[in-house]
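Following: one structure in structure tokens, then a few remarks.
The values are calculated or read from the model by the stated rules, or taken from the named source; none is laboratory data. Just so it is clear, the model here is predicted, and its values are computed rather than measured. Quick reminder, even Gly has a Cβ in these numbers, built from the backbone with ideal geometry, and neighbours come from all protein chains shown.
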Amino acid sequence: MDFTFFERVNQYFETLSDSEKFLLRYIQEHLNDMPKISIVRLSENANVSTATIVRTMKKLGYEGFTSFKIRLKDEHRLAPEFSVVEKVDNKIKEAMLKNEQEVTKTIQMLDRGTIEDVLQKIIYSRKIVLFARGFSELIAKEMTVKFQLTGKYCEMHDDPNIITTISKRIDKKDLVIFISLNGRTEELVQAAKNCKANGVSTITLTANRESPLYTLSELTLVGYKSKVSYFPDYEVRSRLPLQVMARIILDAYAIRTRS
């Protein structure tokens, strides 16, 4: 049975601490203010900690304060002051859907045959050299550490001058992996040209099929990049598709080398 807020309060009130009871009395007395108030402001106004607020909400069966407000909105659907909660709820759903699409569509776009070819290249290479710039460096660092944990020699470079220089003297027995969301980073493209000229095998993880790195690389895994960006003034788009592809490669490699 789905209880209303007031029914939940009556049901659990006697099991709560004094500070939790005080918080609930405050909420009941200022119920119409709840849609517009944040957990931090409620903490200040009710003179209780945010931890007390979260703990109280969980005792009443909610996941947290915002979940409580969303449920409260459903109970007071016709009250105009609760319309702001609807807007916040929809924005959160929009953000969640964006990330879900990037994960789901990236997985759908991956070809198992190409992944197998990538694994074979990694397994039979003498060492792996990872090149990445910007926020993609974080993914490259994770891959480097995890390859090393499996016993695979791996090194990672993010300095543009070092990338350009080292790419000229990589051995044909080695493998280069590029991680680039747009596939157009100048020093990575130049490194890919150097590798191709010297017959060095290359793999690229990107979200841009129309990029120079896609064209230059021997094997390429392409993920789905959402057109929606919540930081439109900066080039800090989500690297989630790259993370998904990197995780699949790492997991598959660990499984393959363990068997």
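Just need a number here: residues in the stretch 197-223 that are hydroxyl-bearing (Ser, Thr, Tyr), within 16 Å of residue 111 (Cα to Cα) and assigned to a strand (DSSP E or B).
Final tally of qualifying residues: 3.
With the requirement that a residue be without any contact (Cβ under 8 Å) to a residue 40 or more places away in the chain and farther than 22 Å from residue 181 by Cα, what does the stretch 243-259 give you?
255, 258, 259
In the list 187, 210, which residue meets the criterion of being crowded, with 17+ Cβ neighbours inside 10 Å and assigned by TED's automatic domain parsing to the domain that holds residue 243?
The unique qualifying residue is 187.
Being under 24 Å from residue 224 (Cα atoms) and either in contact (Cβ under 8 Å) with a residue 60 or more places away in the chain or of a type outside the set (A, V, I, L, M, F, W, C) (or both): is that true of residue 155 here?
no
Within the stretch 123-143, can one find any residue that is in contact (Cβ under 8 Å) with a residue 60 or more places away in the chain, of a type in the set (Asp, Glu), more than 22 Å from residue 240 (Cα to Cα) and in a helix (DSSP H, G or I)?
No.
Could you tell me whether the stretch 226-246 includes any residue that is modelled with pLDDT of 95 or more, over 25 Å from the mean Cα position of the chain (by Cα) and of a type in the set (Gly, Ala, Ser)?
no
Only one of 161, 182, 194 is surrounded by fewer than 24 Cβ atoms within 10 Å (Cβ to Cβ), polar (S, T, N, Q) and part of a loop (DSSP other than H, G, I, E, B). Can you tell me which?
The match here is 182.
Could you give me the residue pairs with C-beta distances under 6 Å whose first residue belongs to the stretch 172-200 and is over 15 Å from residue 127 (Cβ atoms), whose second residue is assigned to a helix (DSSP H, G or I) and among the charged types (D, E, K, R) wherever it lies, and which are 6+ apart or on separate chains?
194/168
So residue 116 ticks every box in (1) surrounded by fewer than 14 Cβ atoms within 10 Å (Cβ to Cβ); (2) under 24 Å from residue 181 (Cα atoms); (3) modelled with pLDDT under 90 but one. Which box is left unticked?
(3)
Residue-wise test of (1) of a type in the set (Gly, Ala, Ser); (2) surrounded by fewer than 15 Cβ atoms within 10 Å (Cβ to Cβ); (3) within 17 Å of residue 180 (Cβ to Cβ); (4) touching a helix residue (DSSP H, G or I) at 6+ places or on another chain (Cβ under 9 Å).
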site	(1), (2), (3), (4)
92	no, yes, no, yes
97	no, yes, no, no
104	no, yes, no, no
107	no, yes, no, yes
130	no, no, yes, yes
134	yes, no, yes, no
